[in-house]
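Asks: The structure's right below; bear with me while I get my questions together.
The values are calculated or read from the model by the stated rules, or taken from the named source; none is laboratory data. On a predicted model such as this, the values are computed, not experimentally measured, just so you know. Don't worry about glycine lacking a Cβ; one is built from the backbone with ideal geometry, like all the others, and counts go over all protein chains shown.
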Amino acid sequence: MPELPEVEIIRVGLAKLLPGRVIEDVWHDWPKSFPNSPSDTAKFLLKAKIVHVRRRAKVLIIELSSNYSLVIHLKMTGQLVYVGSTDKLKAKSSKLIAEEKFGGGHPNDSLVGKLPDKSTRVKIDFSDNSKLFFNDQRKFGWMRLLPTAQVPELDFFKDIGPEPLDDDFTAAKFIEALYRRKNSNIKAVLLDQTMLAGVGNIYADESLFMAKIHPLTPVGRVSRTKLVALHSDLRQVLQLSITKGGSTDRNYVDANGKKGSYLSFAQVFRREGQPCPRCGTIIEKIRVAGRGTHICPHCQKAPK
Ligand SMILES: [Zn+2]
């Protein structure tokens, strides 16, 4: 499952390529991947121009000039691949860039191979002959067309906490959110999507290690100073992962077909048995909140 940094990498890439393009045609092969009526599609998708590409938690939102948006959830194996026009004349006349390729999401060969392939569920053709492919091997993902005004009202957005990377997400707001579950262990709270949007296992382990907090510590027993440090460490590790091209398992390939440096930013995650980069103690793997959890038993003292 792509985590927040991977989805943000896709957003940044598509935000450079899609705005201004006009949708000419759409094809899909699986109803659940594109659960939209033919009449809505004809009225609000075809001939619409792309205005913005946004993200909320792990969901991408492509806003259209029709006041509708394409809401995209990649789920387990989804990926989006943009293929620029090979028609240079047409691309030039529309002042758009020709022959670019950009993709992100589930790391497999469809990111770099010829498209469409057998994992392609939706293909969007733009008026300059460039294309956007939504590939999804396991068919859990989807692309829904909705009035833009209704997007924030979607059930799965209503219950989602603040975005950890937003400028106005201050340490005070972070602590206020955490304190709503003072008796729960801090790792479970970090993973709770109603507290914070999009923080997965890797980012919880890495930020708790950086802030020297044992994942089993109840929130109410962590000092304010450490919570302030955790706020900054969490943002730092998410940002670092975005710069390093994400964290996805195996051969992650980013926007430009470049392989992401696999977990190169991780100091404890999946490093059990190796020395702690800070003190040399052997990193251990324990279970917290039902998830494999990586700690340095010296730097992160267990709660008494
Ligand atoms: Zn250590």
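Asks: For the range 1-39, which residues satisfy the criterion of being part of a loop (DSSP other than H, G, I, E, B), at pLDDT 90 or above and surrounded by 16 or more Cβ atoms within 10 Å (Cβ to Cβ)?
Replies: Selection gives LEU18, ARG21, PHE34, ASN36.
Asks: Right, here's the next one. Can you pull out the residues in the range 275-304 that are polar (S, T, N, Q) and within 10 Å of the ligand (Cβ to nearest atom)?
Replies: THR281, GLN300
Asks: Next question. For the range 170-222, which residues satisfy the criterion of being among the aromatic types (Phe, Trp, Tyr) and either assigned by TED's automatic domain parsing to the domain that holds VAL59 or out of contact with any Asp or Glu (no Cβ under 8 Å at 6 or more places or on another chain) (or both)?
Replies: Answer for the range 170-222, where residues must be among the aromatic types (Phe, Trp, Tyr) and either assigned by TED's automatic domain parsing to the domain that holds VAL59 or out of contact with any Asp or Glu (no Cβ under 8 Å at 6 or more places or on another chain) (or both): PHE174, TYR179, PHE209.
Asks: Yes or no: ALA42 at pLDDT 95 or above and assigned by TED's automatic domain parsing to the domain that holds LEU154? Quick ask: steps written out before the conclusion?
Replies: Values: at pLDDT 95 or above: yes; assigned by TED's automatic domain parsing to the domain that holds LEU154: yes.
Against the criterion (at pLDDT 95 or above and assigned by TED's automatic domain parsing to the domain that holds LEU154), ALA42 qualifies.
Asks: Which one is surrounded by the fewest Cβ atoms within 10 Å (Cβ to Cβ) among residues in the range 98-130 that are within 21 Å of ASN36 (Cβ to Cβ) and of a type in the set (Gly, Ala, Ser)?
Replies: SER127
Asks: Could you say which residue among ASP205, ASP192 is of a type in the set (Asp, Glu) and farther than 25 Å from VAL12 by Cβ?
Replies: Matching residue, one of ASP205, ASP192: ASP192.
Asks: Does at least one position in the range 146-157 carry a residue that is touching a helix residue (DSSP H, G or I) at 6+ places or on another chain (Cβ under 6 Å) and surrounded by fewer than 20 Cβ atoms within 10 Å (Cβ to Cβ)?
Replies: no
Asks: If you don't mind, there's one more thing I want to ask. If a residue has to be modelled with pLDDT of 95 or more and within 25 Å of PRO5 (Cα to Cα) to count, how many in the range 102-128 make the cut?
Replies: 6
Asks: Please enumerate the residues belonging to the range 229-239 that are more than 16 Å from the ligand (Cβ to nearest atom) and surrounded by 16 or more Cβ atoms within 10 Å (Cβ to Cβ). Lay out the reasoning, then the answer.
Replies: From the range 229-239, those more than 16 Å from the ligand (Cβ to nearest atom) are 230-232, 234-239; that's our starting set.
Once the filter is applied, which keeps residues that are more than 16 Å from the ligand (Cβ to nearest atom) and surrounded by 16 or more Cβ atoms within 10 Å (Cβ to Cβ), the range 229-239 yields LEU230, HIS231, LEU234, ARG235, VAL237, LEU238.
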